[in-house]
Amino acid sequence: MPDTLLQKLRAVDPDYYDAARVGMIEVQLERIRRLKRGRNAVLLAHNYQRPEIFEVADFTGDSLGLSLSAADVKDADVIVFCGVHFMAETAKIVSPRKTVLLPNLAAGCSLADTATATAVEDRVTQLKKTYPDLMVVSYVNTTAEVKAVSDVCCTSSNAVSVTRAVPAKHVLFVPDQNLARHVAHHIPEKTIIAWDGYCYVHHQITPDAVESMRREIPGIKILVHPECRDDVLKLADAALSTTGMIEYARQSSATDFLAVTECGISDMLQIGAPGKHFYRACKICRFMKAISLDDVEAALEKMQFRIEIAESVRERAGRAIQRMFELTGATRDNLALPDSAPDE
Ligand code: SF4
């Protein structure tokens with residue numbers, strides 16, 4: 001188990017993380033820890049972030065899991081969200097009384113941007129003429145406005161169970177067409193109408209890279225994110241969310257894995273499961289790598305960039321998230337969602 005920061009970061013990229021760079025990172029991490037204490041802040045880092053950001057994170061995980069963790073921290077005043085814009089919005093939806101900061105506004109998401117609330121409403125109006133029972137299931141990778149015009153939200157790990165549970169035979173699934181196809185494959189008794197968005201990172205991964213790795217390394221376990229194309233998903237030993245991949249790798253007796261998703265998950269796996277080998281058929285998301293330690297430090301110094309959501313949008317988006325918990329049998333009484341107690 002690597003026990004120094006230099007050893008940890010060198011396990012990820014020995015060329016980039018040399019001793020001089022890691023020395024500077026250590027000094028900056030200490031400044032950020034002081035700022036966090038001064039602001040009474042919690043820092044959340046999505047699994048795809050740069051590895052040095054994990055060092056100052058109070059929580060790491062996937063997008064919804066992080067927001068739920070932050071809501072559990074009752075006495076924090078500030079949430080610094082190291083992820084992308086829609087994730088920071090989700091944190092604000094469930095913790096409206098906390099100040100939520102996104103350290104770099106360039107951290108958007110081209111998948112979330114493929115669906116606007118107006119376009120979804122127009123499509124629903126049109127589809128309901130043919131399918132009056134139609135309901136909208138939206139992946140959490142959507143803006144707060146799109147969540148507000150959806151019946152229920154889902155994550156990549158519960159997309160199948162949520163869609164199966166909605167009381168409608170016809171479902172408009174927004175915005176990821178690959179995840180929609182994965183859902184439709186598991187629920188043949190329903191008609192799933194896919195929005196035509198896709199994640200540019202996952203969509204560009206092809207079967208060739210996966211097949212050649214399987215040929216080269218006998219016994220390798222192929223873990224594929226369901227935002228990948230269908231022809232890549234078919235090659236998977238398991239189709240899993242980012243958090244699911246981490247759990248799978250930790251619990252598996254296998255030693256060699258291929259994480260087919262954004263490259264950050266391989267970095268995290270390498271740090272979190274030493275002794276195992278993680279090969280890459282991944283692509284880097286430019287949005288996920290937008291946030292640097294400099295941005296985090298500036299965010300805490302200047303209290304920037306604040307996430308604000310109109311209360312009417314927040315309430316309706318919160319209702320769609322709350323329905324997801326209801327449909328999956330989970331209870332989240334600590335969230336400031338409709339029919340739940342507000343956070344303090
Ligand atoms: S990996 Fe894809 S879904 Fe995630 S932030 Fe980047 S573009 Fe959006």
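The values are calculated or read from the model by the stated rules, or taken from the named source; none is laboratory data. Just so it is clear, the model here is predicted, and its values are computed rather than measured. Glycine gets a Cβ as well: all are built from the backbone with ideal geometry, and neighbour counts include every protein chain shown.
Couple of notes before you dig in:
- Residues within the range 268-287 that are near the ligand (Cβ under 10 Å from one of its atoms) and charged (D, E, K, R), tallied: 2
- Scanning the range 118-149 for residues that are assigned to a strand (DSSP E or B) and surrounded by fewer than 22 Cβ atoms within 10 Å (Cβ to Cβ) gives a single hit, M135.
- Flag if A115 is more than 13 Å from the chain's Cα centre (by Cα), surrounded by 24 or more Cβ atoms within 10 Å (Cβ to Cβ), touching a residue at least 12 places away in the same chain (Cβ under 8 Å) and over 14 Å from A320 (Cα atoms): yes
- Answer from Q270, Q304 - the residue that is in contact (Cβ under 8 Å) with a residue 60 or more places away in the chain, of a type in the set (S, T, N, Q) and touching a Lys or Arg at 6+ places or on another chain (Cβ under 9 Å): Q270
- Highlighted here are the helices (runs of 4 or more DSSP H) found entirely within the range 248-344 that include at least 2 residues which are out of contact with any helix residue (DSSP H, G or I) (no Cβ under 9 Å at 6 or more places or on another chain) and modelled with pLDDT of 80 or more: 293-302, 311-327.
- With respect to (1) of a type outside the set (S, T, N, Q); (2) away from the ligand (no atom under 15 Å from the Cβ); (3) touching a helix residue (DSSP H, G or I) at 6+ places or on another chain (Cβ under 6 Å), the lone exception for M135 is condition (3).
- Among the residues listed as N47, N40, N104, the single one being polar (S, T, N, Q) and over 28 Å from T261 (Cα atoms): N40
- Qualifying residue in the range 154-173 (condition: in contact with a strand residue (DSSP E or B) (Cβ under 9 Å, 6 or more places away or on another chain), touching a residue at least 60 places away in the same chain (Cβ under 8 Å), within 14 Å of the ligand (Cβ to nearest atom) and under 17 Å from T116 (Cβ atoms)): no
- Residues of the range 34-70 that turn out to be more than 16 Å from L101 (Cβ to Cβ) and not polar (S, T, N, Q), as a count: 12
- Given (1) surrounded by fewer than 22 Cβ atoms within 10 Å (Cβ to Cβ); (2) within 16 Å of the ligand (Cβ to nearest atom); (3) of a type in the set (D, E), number of the condition D176 does not satisfy: (1)
- Residues being within 12 Å of the chain's Cα centre (by Cα) and farther than 18 Å from S156 by Cα - total across the range 59-84: 2
- Within the range 196-208, the residues that satisfy the criterion of being out of contact with any helix residue (DSSP H, G or I) (no Cβ under 9 Å at 6 or more places or on another chain) and in contact (Cβ under 8 Å) with a residue 24 or more places away in the chain are Y200, V201, Q204.
- Taking the range 83-125 as the range and being within 12 Å of the ligand (Cβ to nearest atom), touching a helix residue (DSSP H, G or I) at 6+ places or on another chain (Cβ under 7 Å) and within 23 Å of F54 (Cβ to Cβ) as the test, the residues that pass are G83, F86, M87, A107, G108, C109.
- Taking (1) within 16 Å of L66 (Cβ to Cβ); (2) free of Cβ contacts under 8 Å to residues at least 40 places away in the same chain; (3) within 15 Å of the ligand (Cβ to nearest atom) in turn, V146 satisfies each apart from (1).
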